Amino acid sequence: MYYQNQPVMKTTYLFPYRYKWISGVVFLVSLLCYAALYVTDSFDHFQINAKVFALISDRELFNHTEWFCMVVNGITDEILFTLIIISGLVFAFSKEKTEDEMVASLRLNSLVRATVANYVILLLCYVLVYGFSFLNVLNVAMFSQLLIFIALFRISMYRFNTSAGHEE
């Protein structure tokens with residue numbers, strides 16, 4: 001039964017649909033660039049060095065820590081991470097062409113499953129990966145939940161849109 005004064009579902013937390021395409025392209029390109037540089041261990045060959053502000057810096061390992069200083073650092077990974085995270089967030093949380101309660105339900109379900117899957121993977125890595133290799137786990141952990149969510153949501157949307165029972 002529908003009541004006249006029921007609140008309508010608001011999706012104001014979502015970005016406009018028109019941002020989905022460009023953010024998806026930027027996300028995919030930056031993710032592929034990061035993966036290629038990581039797999040080939042080529043960060044040194046494509047490093048962009050710049051003088052940047054550092055909240056905290058330890059120039060020598062386990063030695064002297066400086067606060068609020070300027071340092072020269074390779075910023076290629078920072079640029080790629082920034083592009084991956086921002087474009088991934090916009091892509092993941094942009095409205096669909098037809099945004100309804102079913103899409104909202106698929107979005108929420110995918111977000112919950114991505115959160116659980118991400119923490120299961122992190123827990124396994126926490127128990128099974130040690131030393132400096134764990135830093136690689138932490139690097140990937142910065143965007144892994146977003147990546148899992150996007151994959152699960154896109155798969156859910158594909159299944160929903162191609163299901164035989166989906167008729168308007």
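Are there trypsin sites (Lys or Arg not before Pro) in segment 68-168 that DSSP puts in a loop and that have at most 11 other Cβ atoms within 10 Å, and which ones? Present the calculation step by step, with values, prior to reporting the outcome.
Numbers: sites: Lys95, Lys97, Arg107, Arg113, Arg154, Arg159; in loops: Lys95, Lys97.
In loop regions of segment 68-168 (DSSP not H, G, I, E or B), the sparsely surrounded trypsin sites (Lys or Arg not before Pro) are Lys97.
Model label sites at Leu32 and Lys95, defined 7 Å from Cα along the beta-carbon direction, differ in position by 3.0 nm.
Quick check: from the Cα gyration tensor, does segment 69-168 come out rounded (a/c under 1.5), prolate or oblate?
Working: a/c = 3.73, a/b = 1.78, b/c = 2.10.
In terms of gyration-tensor shape, oblate.
Hey, any idea what the orientation-averaged projected area of the convex hull of the chain's Cα atoms comes to, in nm²?
Values: hull surface 60.0 nm².
With every direction weighted equally, the projected area is 15.0 nm².
For the chain, what does -39500 (n - 2.57) per DSSP helix run (n ≥ 4), summed and divided by total residues, give at 222 nm, in deg cm²/dmol to the nearest 500?
On the way: 4 runs with 96 residues, N = 168.
-20000 deg cm²/dmol, from helical runs alone.
Of the chain, which part is the longest with no chymotrypsin sites (Phe, Trp or Tyr not before Pro) in a loop (DSSP not H, G, I, E, B) and with at most 15 other C-beta atoms within 10 angstrom?
Numbers: sites that count: Tyr2, Tyr3, Tyr13, Phe43, Phe46, Phe62, Tyr130, Phe132.
Here the longest segment lacking exposed loop sites spans 63-129.
Per-atom-type breakdown for the chain gives carbon and sulfur 66% of the accessible area (1.4 Å probe, protein chains only). Diagonalising the gyration tensor over the Cα atoms of segment 39-128 and scaling each eigenvalue by 5 before taking the square root yields semi-axes of 36, 19, 14 Å, largest first.
Here the contact order of the chain, divided by its residue count and restricted to Cα pairs under 8 Å and six or more residues apart, works out to 24 percent.
Pairs of Lys residues in the chain are counted when their Cα atoms are under 26 angstrom apart and they lie 8 or more places apart or on different chains; the count is 5.
What accessible area per residue, rounded to a whole number of Å², is obtained for the chain using a probe radius of 1.4 Å?
Numbers: 12150 Å² over 168 residues.
Heavy-atom SASA per residue in the chain reads 72 Å².
The values are calculated or read from the model by the stated rules, or taken from the named source; none is laboratory data. Just so it is clear, the structure is predicted and the values come from calculations on it, not from any experiment. Positions of Cβ are backbone-derived with ideal geometry, glycine not excepted, and every protein chain shown enters the neighbour counts. Quick note on the areas: whole protein, heavy atoms, side chains included, nothing else; ligands and nucleic acids left out. Shrake-Rupley method; radii C 1.70, N 1.55, O 1.52, S 1.80 Å.
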